[in-house]
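These notes concern the structure reproduced below.
Read-outs: derived from the displayed coordinates by stated rules, not from any lab. The structure displayed is predicted, hence computed values, not measured ones. No Cβ is skipped: glycine too gets one built from the backbone with ideal geometry, and neighbour counts run over all protein chains shown.
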Amino acid sequence: MTTAKQLRKKYINFFKLDPRNHVEIAPAPLVLENDPTTLFTSAGMQPLVPYLMGRPHPKGKRLVDSQPSIRLGDIEEVGDNRHTTFFEMLGNWSLGDYFKEEQLSWIFEFFTKELGLPKQRLWVTVFEGDSQVPRDQESFEIWKKIGIPESRIIFYPASKNWWSMTGSPSEMQVGHIGGPDSEVFFDFGEDMGFHEKSNLSGMKCHPNCDCGRFLEIGNSVFIQYIKISEGQLKELPQKNVDFGGGLERILASVDNTPDVFSTDSFKEIIGELEERFRVKYGKDESIDRSLRIIADHARASTALISCGITPSNKAHGYVLRRLIRRSIVHAKRLSDQIFMPFVDLWSCGVPISRVDREYVKKVLDEEIEKFERVLETGMKKISTIIKNKERISGKVAFDLYQSEGFPIELTLEILRDHGVELSQKDKALFQEEFEKHKERSRTTSAGIFKGGLADDSSQTIRLHTATHLLLASLRKVVGDHVVQKGQNITRERSRFDFPNPEKLTDEQLRKVEEMVNKAIEEDLPVEYQVMPINDALSSGAIHAFDERYGDTVKVYFIGRSWKDAFSREFCGGPHVKSTGEIGRVRIKKQEKIGLGLVRIYLAFDK
Ligand code: SER
C-alpha cells in the first residue's frame, strides 16, 4: 500500500526535477481571511489567482504544491466510496510558461512511469467547444501522440470540461478566470451497475458516468480566459496551466481500489472506528456509509478547528457544527457511544502540534456535549409522547427537529422501534414540512457551499456594498491612512478593520455614518471596470496594500460616473446595482483590537 506521504513526496519531486524544474510553494491556509466571497480554500489555484492573471510570482513561473482543500458541494454524497469534504490537492502550475504539450506529457509520465498505473486503464476527456471557445483539438492530438487511443479520448461540453471557480462560461462570475480542461480517469474495469444517462452515442458507461467504474484522478486546466461581462470572455495576457489531482483518489488508483476510504489516508482513522464501534469495514454497506461519514467529517472538523474555527450558527462555524453533528448521528447508529476520533492530519500546511491537539479535542468534546443535551431533551419529549400513547402528529415530529435540532432520522427511527407509525396524513404533513425545510437549507447552503463561495444572500451583498461606502467615508472623515486590514461580512453585519492609533471620536463616527447613509439615499449606481492594474492604481482606486493583484483588475465604482465616483475600490464583487438597495445602515460598535487597528461593525438600521 502506497502511503499518502510517499505519494505527496513523489509528485512534488517529480515536478521539481529537471526538465520540469518547478519550485515548491507552501500551501495556503484552509480558511482565507479578508475574502467575503470565499469560505474555504477549495482549489489550489484560489490563492494563485493574481499570478494566473499576470502578476509575477516571487518563486517563478513553475510552481508545485499540495493544498489541503474543503469542498462542501458534495456533502450529501459523502458516504459513498469516493466523495470527501476535506482532501489534499496535488497541484502544479505554469504561470504563462509551458502549456498543453508539456503538461499532458508530464502528467501522463507521472501517472504511468512514476506511479506505474497501467496505460490501458487511463481514459482522458477534452473540451468539445462551444459558441465562445473552440474545440480543444490540440489536447486531443497530444493525447493521441502520447499513446492514448482515440476510443479512450472523450469530448465533453463545458459542464464537464471547463473549469473556473464558478463553473462554465455562462455560469461564471464576471471577473473570474478559467478555461477548458482535460481530465484523466482511472478505469477500474468493473461495470458497477448504475449508469447515468449518456448523450454520447453508443456509450452506456463513460468516464463521467457515476456508476463507480471510473475515478477522476487529475485535471489539467488551461486557464487563459477572464469573463469581462455577461456573454463575453477575454484572453488573459498569458496562458496558464492549473493542474489539480486529489491525493486520496490517486492513492486509490495506485492501490487499484475504487474506495478511497480503504487507502492509507483513511487507514488509521477507519481502524480506530472499527475498534471503537466493534464493527468491520467492508462487510455491510450501511455500516460502511456511517464509518465513511464519521471518518471524513472528523478529518474536516479537525482541520477546521485547527485553523481556528469554532462551532457556531454562522458561516464557517455553522459548517463545522453541521459536520460534527452529522457524524455524531452516524456514531449513534453504530453504537451507544458518542465518539468522534481526533485525526492527526497535516492541515493548513502545518502538522498539528501537541498544543493544538489538546485544543482541537476540547472544542470537539464541547460540541459533542452540547449536542448530547439536544439529543437528551429530544429523547425525553419523544418518550413522553410514546408513554402517553399520544398521537404524534407530523407537525410535532417536525417541530422537534426544528426547535430542538433533534435529527429527523433519529425521531423516525425511535418511533419505529416503539411501533409508533405516523398516520398517512401526518406522514404527508411531516414530509411537506421537511421538504420545505430542505429547500430552505439548500438555498442557504447553495450560496455557502457552491465551490466554496460564501453566502451570496442579498443581505450580505448589500452589506458588501455598504462596506465600500464605509471605507470611502472613513477616508474622507478620518484620513487617507485608512485602508482595509481585515473584513468579514455576514448577513447581519460587516466587520471592518483599519489602522488608526485610537478609536474614532463620537463626532467622527456620526459623520461617517451620516456620509454612508447619504450615499445610500442618493441611490448611486454601482458599476465596475476591468482595467490594467497601472491605470487602476493611478486612478487612485483604493486597494488593500497587502493583497496581491494581477495585471488586470476589476474596480468597482459607486457614483454617477467613474470620474466623480464616491468610491473606487479594487474588488471582485458581487455588489448591488445601486446604493438605494442597501437601506439605512448604522455603526453598531467599534473596538480597538491591538496592533494599531480599530474594528467597526456596520449593520442594517432596523
Ligand atoms: N482548478 C482545478 C480544480 O480545482 C484543477 O486544479 O479541479
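Data for the structure
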{"read-out": "Translational diffusion coefficient (Stokes-Einstein; Kirkwood radius from C-alpha pairs) of region 213-325 at 10 °C, 1.306 mPa s, in µm²/s", "value": "92 µm²/s"}
{"read-out": "Three-way shape label, region 70-195, alpha-carbon gyration tensor, a/c 1.5", "value": "rounded"}
{"read-out": "Three-way shape label, region 1-148, alpha-carbon gyration tensor, a/c 1.5", "value": "rounded"}
{"read-out": "Residue-span extension gain [THR166 to GLU369] - 0.36 nm each, minus C-alpha spacing", "value": "69.3 nm"}
{"read-out": "Under 5 Å, built H, 5+ apart or other chain: amide partners of LEU597", "value": "ASN500"}
{"read-out": "Gyration tensor (alpha-carbon) shape descriptor, region 1-81, a/c threshold 1.5", "value": "oblate"}
{"read-out": "Qualifying GluC sites (Glu not before Pro) in region 476-542, DSSP loop, other Cβ atoms within 10 Å at most 12", "value": "GLU502"}
{"read-out": "Likely footprinting exposure, MET53, MET1, MET379, MET165, fewest C-beta neighbours within 10 Å first", "value": "MET1, MET379, MET165, MET53"}
{"read-out": "Over region 126-176, volume per residue of the alpha carbon convex hull, in Å³", "value": "83 Å³"}
{"read-out": "Virtual spin-label span in nm between VAL279 and LYS362, 7 Å along Cα→Cβ", "value": "3.2 nm"}
{"read-out": "Cα-based Rg / Dmax (Å) for region 476-548", "value": "14.6, 40"}
{"read-out": "Ascending count of other beta-carbon atoms within 10 Å, so fewest first, for LEU597, LEU291, LEU602", "value": "LEU597, LEU602, LEU291"}
